[in-house]
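The structure under discussion appears below in the form of structure tokens.
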Amino acid sequence: MPLNPVTPYFLNTLATQLSPDSLRPAEPRYLEEPRGRYQGKAGAVALPRTVDEVATILKSANGAKIGVVPYGGGTGLVGGQIATDGPAPLVVSLERMNAIRATYPQENVLVAEAGAILADVQTAAADVDRLFPLSLASEGTARLGGLLATNAGGVNVLRYGNTRDLCLGLEAVLPSGEIWQGLTRLRKDNTGYDLRNLLIGAEGSLGIITAAALKLSPRPRGLGTALMVVPDPAAAIDLLALARDRFGEAVSAFELIHGQGLEFMAQHLPGIRQALDPRPEWCVLIDLGLANEGSTDAALLALFEAAMERDLVSDGTIAQSEAQRQDIWSVREHIPIANKAVGSIVSHDISLPISDIPAFVVQAGQALASLGDMRINCFGHLGDGNLHYNVFPAQGRDRSEYSELRAAIQTCVHDMVAQFNGSFSAEHGVGRLKVADLERYGDPTKLAAMRAIKSALDPNGIMNPGAVLATT
């Protein structure tokens, strides 16, 4: 169904129903995204203060058939927060709805509004001696609503799960303007369809999340971090299995790091201290969080010795202080920054069955070599099968020289992911960047069900038009 652009009449009418200064012209920050791939459009930005104001906005937009683009922290990497085509929509930012509404430490629950910044949620949990374990590079600016809408992952998925797994209940506004009061703190509730999990990961295409009840965890008392050199991804997977056999769920993170990323860092971020010399071709970062204060150093050393006996590791380092622990994590966290400095031809956020990763790495590298001379930085969350598979120009060449190959490279990688029964979108969502990929690789029955749900909840198609599902 065709949508209408935001008009002065619409804004003037809506302004009478909202608190002062709730509507503004669209500033550039609402129309840009981190990678600079999209330049958005918007007729105005709405900045509601309450769930009732969000309901008023959606009811008015639905009646006028005006598109609505929900906006969180603007950190998404697939264009889900940027409208590029169609009539100028209304951007709705929840940045003013940023309160921590309540904490229940005995229940391990925290209730926060969707505009709360992730780092502030983490701090609020720490203030009651609890942990909110979602952690990712953009946690200083990413907002809770966007993290829920994209079902964000991060470095602790191995132990704690994605954002979906950290949410008990939601408060949300549907496209009609109706408020769903689903902000339950219950851990068991089998009363019908699970609207919570329908809205989480929908990328704002089915409504706007305004608040959430979040699961907290006890804070680990014993923390340990190590880098271990492995000969290849197959050995890394065997090391993961060995670590989980020994420590169970105490393995919080297990990150695969490729030597190409370390080389990029040495070239472009020489101030970041790298703990291993010489730089290995492959290594893994292991993070442990034990319930009781104890010798994580001894536990990691015993793991290293057992792994060395099996020829799974050849070198490594174990953090002896919190400063050294932060130094090791700093290497992992700066890999994407070094990548950006080099400039990728194309980046991929993929997931695979963990045991198939070694074969994928070999076969994908061979397939790309047949297309031309390129460098590959393959790294990421090995513990949950999520790889960031990024392709870069050969040494001395610029990515502009590969512009005609970009589509072929992406298709090559995604086709191979499909052959291994993986996903082309592991933790960043579909947004607008991967709509065509969803059409190409998505199961037809699933796509039909998704369109039926979209049609039922959003018959006028106002919610984040052009994101997730192709517009018809």
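The values are calculated or read from the model by the stated rules, or taken from the named source; none is laboratory data. Remember, it's a predicted structure, so these values are computed and weren't measured experimentally. Cβ coordinates were reconstructed from backbone atoms using ideal geometry, including for glycine residues, and neighbour counts include every protein chain displayed. Heavy atoms of the whole protein, side chains included, go into the accessibility calculation; ligands, DNA and RNA do not. Shrake-Rupley method; radii C 1.70, N 1.55, O 1.52, S 1.80 Å.
Can you tell me which residues in segment 50-93 are over 23 Å from LEU216 (Cβ atoms), touching a strand residue (DSSP E or B) at 6+ places or on another chain (Cβ under 8 Å) and in a loop (DSSP other than H, G, I, E, B)?
LYS65, GLY67, LEU77, VAL78, GLN81, ILE82, ALA83, PRO87, PRO89
Test of understanding: among GLY380, GLY343, which residue is small (Gly, Ala, Ser), open to solvent by less than 20 Å² (accessible area, probe 1.4 Å) and in contact with a Pro (Cβ under 8 Å, 6 or more places away or on another chain)?
Values: GLY380 fails: in contact with a Pro (Cβ under 8 Å, 6 or more places away or on another chain).
None of the others qualify; the one that does is GLY343.
Give the residue, chosen from LEU3, LEU14, LEU23, that is more than 30 Å from VAL346 (Cβ to Cβ), of a type in the set (A, V, I, L, M, F, W, C), in contact (Cβ under 8 Å) with a residue 40 or more places away in the chain and open to solvent by 30 Å² or more (accessible area, probe 1.4 Å).
Being more than 30 Å from VAL346 (Cβ to Cβ), of a type in the set (A, V, I, L, M, F, W, C), in contact (Cβ under 8 Å) with a residue 40 or more places away in the chain and open to solvent by 30 Å² or more (accessible area, probe 1.4 Å) holds for just one of LEU3, LEU14, LEU23, which is LEU3.
Restricting segment 327-340 to residues that are of a type outside the set (A, V, I, L, M, F, W, C) and touching a residue at least 12 places away in the same chain (Cβ under 8 Å), which is most open to solvent (accessible area, probe 1.4 Å)?
Among those that are of a type outside the set (A, V, I, L, M, F, W, C) and touching a residue at least 12 places away in the same chain (Cβ under 8 Å), it is GLU333.
Would you say ASN151 is polar (S, T, N, Q), out of contact with any strand residue (DSSP E or B) (no Cβ under 6 Å at 6 or more places or on another chain) and at pLDDT 95 or above? If you could, list the steps in order and put the result at the bottom.
Numbers: polar (S, T, N, Q): yes; out of contact with any strand residue (DSSP E or B) (no Cβ under 6 Å at 6 or more places or on another chain): yes; at pLDDT 95 or above: yes.
The answer is yes for ASN151.
So that you can scan it fast, the table gives a plain yes or no per residue for (1) modelled with pLDDT under 95; (2) under 19 Å from GLU171 (Cβ atoms):
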site: LEU3; (1), (2): no, no
site: GLY86; (1), (2): yes, no
site: ALA99; (1), (2): no, yes
site: ILE117; (1), (2): no, yes
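Among the residues of segment 79-94, are any more than 26 Å from the chain's Cα centre (by Cα) and farther than 30 Å from SER455 by Cβ? Lay out the reasoning, then the answer.
Of segment 79-94, the ones more than 26 Å from the chain's Cα centre (by Cα) are 86-88.
Right, trim to farther than 30 Å from SER455 by Cβ and you get none.
Scanning segment 79-94 turns up no residue that is more than 26 Å from the chain's Cα centre (by Cα) and farther than 30 Å from SER455 by Cβ.
Considering each residue of segment 70-91, count those that are touching a Lys or Arg at 6+ places or on another chain (Cβ under 9 Å), surrounded by 24 or more Cβ atoms within 10 Å (Cβ to Cβ) and among the hydrophobic types (A, V, I, L, M, F, W, C), and give that number.
Final tally of qualifying residues: 3.
So which of ARG96, ARG159 ends up being basic (Lys, Arg) and in a loop (DSSP other than H, G, I, E, B)?
ARG96
May I ask you to say which residue of LEU223, LEU290, LEU242, LEU227 is buried (at least 18 other Cβ atoms within 10 Å of the Cβ) and in contact (Cβ under 8 Å) with a residue 40 or more places away in the chain? Show your work before the answer.
Working: LEU223 fails: buried (at least 18 other Cβ atoms within 10 Å of the Cβ); LEU290 fails: buried (at least 18 other Cβ atoms within 10 Å of the Cβ); LEU242 fails: buried (at least 18 other Cβ atoms within 10 Å of the Cβ).
On inspection, the qualifying residue turns out to be LEU227.
This table checks each residue for (1) among the acidic types (Asp, Glu); (2) crowded, with 21+ Cβ neighbours inside 10 Å.
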{"site": "ASP349", "(1), (2)": "yes, yes"}
{"site": "ALA359", "(1), (2)": "no, no"}
{"site": "LEU371", "(1), (2)": "no, no"}
{"site": "ARG375", "(1), (2)": "no, no"}
{"site": "ASN390", "(1), (2)": "no, yes"}
{"site": "GLY429", "(1), (2)": "no, yes"}
{"site": "ARG432", "(1), (2)": "no, yes"}
{"site": "VAL435", "(1), (2)": "no, no"}
{"site": "THR445", "(1), (2)": "no, no"}
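So which residues in segment 127-138 are farther than 15 Å from HIS428 by Cβ and out of contact with any Phe, Trp or Tyr (no Cβ under 8 Å at 6 or more places or on another chain), if there are any at all?
First pass over segment 127-138, keeping only residues farther than 15 Å from HIS428 by Cβ: 127-133, 135.
Once the filter is applied, which keeps residues that are farther than 15 Å from HIS428 by Cβ and out of contact with any Phe, Trp or Tyr (no Cβ under 8 Å at 6 or more places or on another chain), segment 127-138 yields ASP127, VAL128, ASP129, ARG130, LEU131, PHE132, SER135.
Check segment 219-233 and report whether any residue there is in a loop (DSSP other than H, G, I, E, B), among the aliphatic types (A, V, I, L, M), in contact with a helix residue (DSSP H, G or I) (Cβ under 9 Å, 6 or more places away or on another chain) and modelled with pLDDT of 95 or more.
Yes, segment 219-233 has at least one match.
Given the options GLU255, GLU249, name the one that is within 23 Å of the chain's Cα centre (by Cα), open to solvent by 60 Å² or more (accessible area, probe 1.4 Å) and under 28 Å from ALA359 (Cα atoms).
The match here is GLU249.
Considering GLN395, GLN419, GLN410, which residue is out of contact with any helix residue (DSSP H, G or I) (no Cβ under 6 Å at 6 or more places or on another chain), under 30 Å from LEU242 (Cα atoms) and open to solvent by 30 Å² or more (accessible area, probe 1.4 Å)?
Selected residue: GLN419, the only one of GLN395, GLN419, GLN410 that is out of contact with any helix residue (DSSP H, G or I) (no Cβ under 6 Å at 6 or more places or on another chain), under 30 Å from LEU242 (Cα atoms) and open to solvent by 30 Å² or more (accessible area, probe 1.4 Å).
In the list LEU148, LEU198, LEU170, which residue meets the criterion of being open to solvent by less than 10 Å² (accessible area, probe 1.4 Å), under 30 Å from LYS65 (Cβ atoms) and out of contact with any Gly (no Cβ under 7 Å at 6 or more places or on another chain)?
Selected residue: LEU148, the only one of LEU148, LEU198, LEU170 that is open to solvent by less than 10 Å² (accessible area, probe 1.4 Å), under 30 Å from LYS65 (Cβ atoms) and out of contact with any Gly (no Cβ under 7 Å at 6 or more places or on another chain).
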